[in-house]
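Every read-out reported here was derived from the displayed coordinates using simple, explicitly stated rules and does not represent laboratory data. Being a predicted model, the structure only gives us computed values, none of them experimental. Don't worry about glycine lacking a Cβ; one is built from the backbone with ideal geometry, like all the others, and counts go over all protein chains shown.
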Amino acid sequence: MKHLACRYAPFGFFLSVFLLLAQLIGLPVAAQTAGPLTEHAAKLEQLQIPAGAILPVRLNHGLSSKIAGPGQQVTGRIMQDVPLPNHKKIPEGAKLSGRILSVERSASGTNGKISFRFENIEIHHRKIPIVANLRSLAGFMEVQSAQTPEVSPGFGTPYVWATTRQIGGDEVFGVGGPVTNQNNETVGKGVYGGVLVHVRAQQESRCRGALDSEDRLQALWVFSSDACGVYGIQGVRIAHAGSTEPVGEIILVADHDDVLVRGASGMLLRVIR
């Protein structure tokens, strides 16, 4: 019996040493893993999206009053980093989600209508509630055209230096270059993935310019500083943008037949709260 105990003693000893080392190694690793995750979650908790912030969005799917139904999900993608106060941002790629509220199909004597709202921004699997109105809507061909250089860059010229024209008329003189409006006034600058400009409003438009005295730069992606209304989508208009009651509810109507907004269309939303 004594011989048997001696035989298995090394096994017990090494098992104890192994468990001790596992605890010594595992605790710092766990602490290192939890630290960044906890810090990241805390930053998201502190993320404040102020009223007036512009969200440049690409629709992930089409909207049609012919086939859509109430309760159906509406989703989009943030297409450019959105700068926020205190050096924070909503990252490009964040998901925007909402739902369709009501649908009226085209029938004899009536045209199609669709009502929806956006309700959340999802950043790294965490949802932040929002209420937003629609400032501008553009078809996917308009979006593509705004990303295509007006003149092909010369041999050896970086593509990002090429001049492009925004939806609404602003001109972008490449990444790092100025953005000028139709009056040749500088309103911002070109950046990777879009533009940072001061939001403006034409006198006859329903859209508003800067909502605060700071008039900070905003991310407008492929849209002009004063873009407002519908571009490149025939027979569709914004009947209610959501800036007044019912706040956050966006209503699109067709001038004839049904509402049809194709996937990959662009939107500018403005946060109300």
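General observations
- Given charges at beta-carbon only (K, R positive; D, E negative), |dipole| of the stretch 179-273 in Debye: 260
- If you bin all the Cα-Cα distances of the stretch 53-189 at 10 Å, starting from zero, the percentages per bin are 10, 30, 31, 20, 8, 1.
- Each residue of the stretch 176-183 was assigned a 3J(HN,Hα) from its phi angle through the Karplus curve 6.51 cos²θ - 1.76 cosθ + 1.60 (θ = phi - 60°); the sequence is x, x, x, 10, 10, 8, 6, 9 Hz, with glycine and proline shown as x.
- Computed 3J(HN,Hα) for the stretch 265-270, one whole-Hz value per residue from the Karplus formula 6.51 cos²θ - 1.76 cosθ + 1.60 where θ = phi - 60°, is 5, x, 9, 10, 9, 10, glycine and proline marked x.
- Size of the stretch 109-219 as Cα extents on the principal axes (Å, biggest first): 51, 43, 39
- Normalised alpha carbon radius of gyration of the stretch 149-273 [divisor 2.2 N^0.38 Å]: 1.18
- Alpha-carbon geometry of the stretch 100-143: the Rg and the Dmax are 15.2, 47 Å, given in that order.
- Rounded to the nearest Hz, the phi-derived 3J(HN,Hα) couplings of the stretch 246-252 under the Karplus curve 6.51 cos²θ - 1.76 cosθ + 1.60 (θ = phi - 60°) are x, 4, x, 8, 9, 10, 10, where x marks glycine and proline.
- Computed from label points 7 Å out along Cα-Cβ, the spacing between Trp161 and Ser64 is 4.5 nm.
- Amide H to amide H, with H built 1.01 Å from N, Val259 comes under 5 Å of Ser65, Lys66, Gly112, Lys113, Ala254, counting only residues 5 or more places away or on other chains.
- Derived value for the stretch 42-99: Kirkwood hydrodynamic radius 13.1 Å. Basis is the mean of 1/r over every pair of different alpha-carbon atoms.
- Leading residue at positive end of dipole, the stretch 94-191 (Cβ point charges), from Tyr159, Ser136, Thr180: Ser136
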